[in-house]
Structures are given as C-alpha cells and as structure tokens.
Amino acid sequence: MTRPTHQRPTGGTNRAHGTNRAELPAPAPTRDRRQFLRYGLAGLASVAVVAAAGAAGFELINDGMLPGKSELDQFDGACDVPAVNLTSYATPGPQQDGTFYSAARQRTVGYSIGYPPGHGPGDRLPLVVALHGFGGNHANALVGMSPAQAAALKVGGTPLPPLALVTVDGGNGYWNPHPGDNPQAMLVRELIPLCQRKGLGTGHKKIGVLGISMGGYGALLLAEKYPHLIGAVAAISPAIWTTYAEANSANRGAYASAQAFTQNDAITHAQALAGIPVRVASGNSDPFHPGVQVLAKALPEESAETYFSNGCHTGPFFTAQEPPSLAFLARHLIG
C-alpha cells in the first residue's frame, strides 16, 4: 500500500484548483513531538520499539508505519481547526422518520427527512441527500445535527435557503454495488423517488448530495454515475483510495472485487462531474488526503472547488465543514 505523506501548514486555503480565496486563523503553536515521545508514549503500543529506535522510532510513527500517528497529530495541533458553533439554528421544521423495504439492498432500511423552518410535508423543496460514513446509519449521517437542524442552520448568521435533507441506511459497502446489496440503486430507484412523491427534489437538478468519509466518496460516486440527476455535490473528508490493493488492504468490504473498484473509482470517472458544482474538503493530516489530492487534480476545473486546511479524519474537521458544504449546495440548488 502506498504510504501517505502528510503536510503541516499553519493555516487553511479555500481554493478552486490553486486560487487562494480565504485564509483560516493559524492554529495555536504546536508542541515538540520528540518531547511527546520522551514523556508521553507510555500509553502507546509502540513505546518499546521507539525506546529502542530513538529518533528513527519517531520517524516511523510520524510516517504512520508504527502505532501512534493519530496521537501525535492530535498532540502537535495537526488536527486543530477553528471551533464551529452548530447551535446557531432557526426554529427547526418537522422531521419525519420512517422505514421502507429496499429491494436493492434486500432488507428494510430506515430514513429521516428534515424540513426547513416554516415548511413541512407537502411543500415542494430542493432536496439534499446526506450519506453516512462507515459504521453509521440514517440517524447519525450528519455530525452533531439532525436533518431538521441542518435545514435550519444559520451559516455566518444567515439562514440557509429553504431545502429538505434526507438520510438513509446504506450499510458499510461504500455506497457502491455488492452482490445482494446495492445501496446506490436504493438511492436512485427507491429513496429519491420516495422523496419526489412528497414534492422534494422535483424539477431539473434540484437534488444535491452530501457525504462525510465513506459518505463523501459515495456522494461523488452518485454524482458521477447519475450526472443528469444531481445538481451539486459536497464531499467532506471523502474516503478516496487510488488503487484496489490500497483499498482492499484497508477495508476488504469496500469493494466486491478489483473490477468493482475500477467501475466505481471516483478518480477515474471524475470528468463525469463536468458541469456539476463540486466542493471537496479535506484535512492535510487526514490519511485519505493523498488520494483526495489526486482526485482534486482530476476534477473538472470549471466546476470544482477544493478546500484543504489543517485537520484530520476526525469530528472537529467534519463539523467545521458541514456549514460551508450545506451553504454551497443550497447556493447551487436554489440560486
């Protein structure tokens, strides 16, 4: 498996293929990693190896070859992001929770639909489909928010334009087809039609898709496979691998086969996103970041926006990127 490299910038850059747009405040000064290794490694499995290897042990952990990389990142500030207040809501609209039998997934799945303030069932609204990460489900697809709260979110003090959000159980198969379980077909053939019968996501390209981690990859893949259906896509810390061997080494259940990886590789098929507004956000210390960088180069220049900053594959980064991602989708679905 290709060993990731990790950058340590002091701030963040909001960019569309290299164009600076905004700078985040610099994080607090970092502490010395070697001091941490001297005084703070007692709780790590690699302590004996590092003690024997000295500076070489530090480099092995720093490069991710030994356990302790995530601890080091959090110790030295690589995961620090500006705090975000997710309690700045208008009064949320109603939320509907339900289930349906999915023929595509061959099981019953749960879903939730959140309505924006002042709206409810029967209203015609743009729709955002939010895809959960690995190990998640419809109840926790968004970090720190319910679908109704997300629809009521104020971004920079300004309420989002009215839109509905739906979440659904997609399993752990990385939102791509597996034998006996096709969450992608469930989205297109079952969930979205269910929402459209309720007046949500009807009209030309009034459906956006958002995802975090595994869901971020799934969001990109859905837009690539169904560009006629999706009006905008936002991926937060998407789980992007560049080869099947890399993916299979990390998670054997992500793809059914090498052929399945080729058919569902978000990088290879990135040009299918031409004309679709795309926002991709990733932390520089996220283990998936090297793959995301490759993806960024493959995205259509005219419609893609990438945001790389300090951060890891952790809740604080996910939370910080939810408001701008939702605002991005709302702007393109409603504007």
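What to note about this one:
- Among the residues of the range 147-176, the one identified as open to solvent by 10 Å² or more (accessible area, probe 1.4 Å), assigned to a strand (DSSP E or B) and among the hydroxyl-bearing types (Ser, Thr, Tyr) is Thr158.
- Just one residue in the set Ile230, Ile240 is part of a loop (DSSP other than H, G, I, E, B) and under 22 Å from His313 (Cβ atoms); that residue is Ile240.
- Subset tally (residues that are under 29 Å from Ala152 (Cβ atoms), open to solvent by 30 Å² or more (accessible area, probe 1.4 Å) and touching a His at 6+ places or on another chain (Cβ under 7 Å)) for the range 284-315: 0
- Any chance Ala260 is over 30 Å from Ala78 (Cβ atoms), in contact (Cβ under 8 Å) with a residue 40 or more places away in the chain, touching an Asp or Glu at 6+ places or on another chain (Cβ under 9 Å) and not in a loop (DSSP other than H, G, I, E, B): no
- Qualifying residue in the range 217-236 (condition: more than 24 Å from Ser303 (Cα to Cα), surrounded by 24 or more Cβ atoms within 10 Å (Cβ to Cβ) and of a type in the set (Phe, Trp, Tyr)): no
- Here is the figure for the range 207-250: residues that are out of contact with any Pro (no Cβ under 8 Å at 6 or more places or on another chain) and farther than 12 Å from Gly133 by Cβ total 22.
- Residue check: Gly315 meets all listed conditions (1) modelled with pLDDT under 95; (2) farther than 19 Å from Gly144 by Cβ; (3) of a type outside the set (Ser, Thr, Tyr) but one, namely (2).
- Cβ pairs under 7 Å, 6+ apart, first in the range 100-123 and closer than 18 Å to His178 by Cβ and touching a residue at least 24 places away in the same chain (Cβ under 8 Å), second among the β-branched types (Val, Ile, Thr) and assigned to a strand (DSSP E or B): Ser102/Val109; Val109/Thr99; Val109/Val168
- In the range 197-238, residue nearest to Val109 (Cα to Cα) [restricted to those that are touching a strand residue (DSSP E or B) at 6+ places or on another chain (Cβ under 8 Å) and among the polar types (S, T, N, Q)]: Ser213
- For the range 302-331, the set of residues classified as more than 24 Å from Leu163 (Cα to Cα) and acidic (Asp, Glu) consists of Glu302 only.
- Residue check for Gly144: open to solvent by 20 Å² or more (accessible area, probe 1.4 Å), more than 22 Å from the chain's Cα centre (by Cα) and on the phi > 0 side of the Ramachandran plot: no
- Looking across Phe318, Phe261, one residue alone is under 21 Å from Gly171 (Cβ atoms), among the aromatic types (Phe, Trp, Tyr), open to solvent by 10 Å² or more (accessible area, probe 1.4 Å) and under 12 Å from the mean Cα position of the chain (by Cα). It is Phe318.
The values are calculated or read from the model by the stated rules, or taken from the named source; none is laboratory data. What you see is a predicted model, and the numbers here were worked out from it, not measured in a lab. Using ideal geometry, Cβ is built from the backbone for each residue, glycine included, and neighbour counts are taken over all protein chains shown. Ligands, DNA and RNA are excluded from the accessible area calculation, which covers all protein heavy atoms including side chains. Shrake-Rupley method; radii C 1.70, N 1.55, O 1.52, S 1.80 Å.
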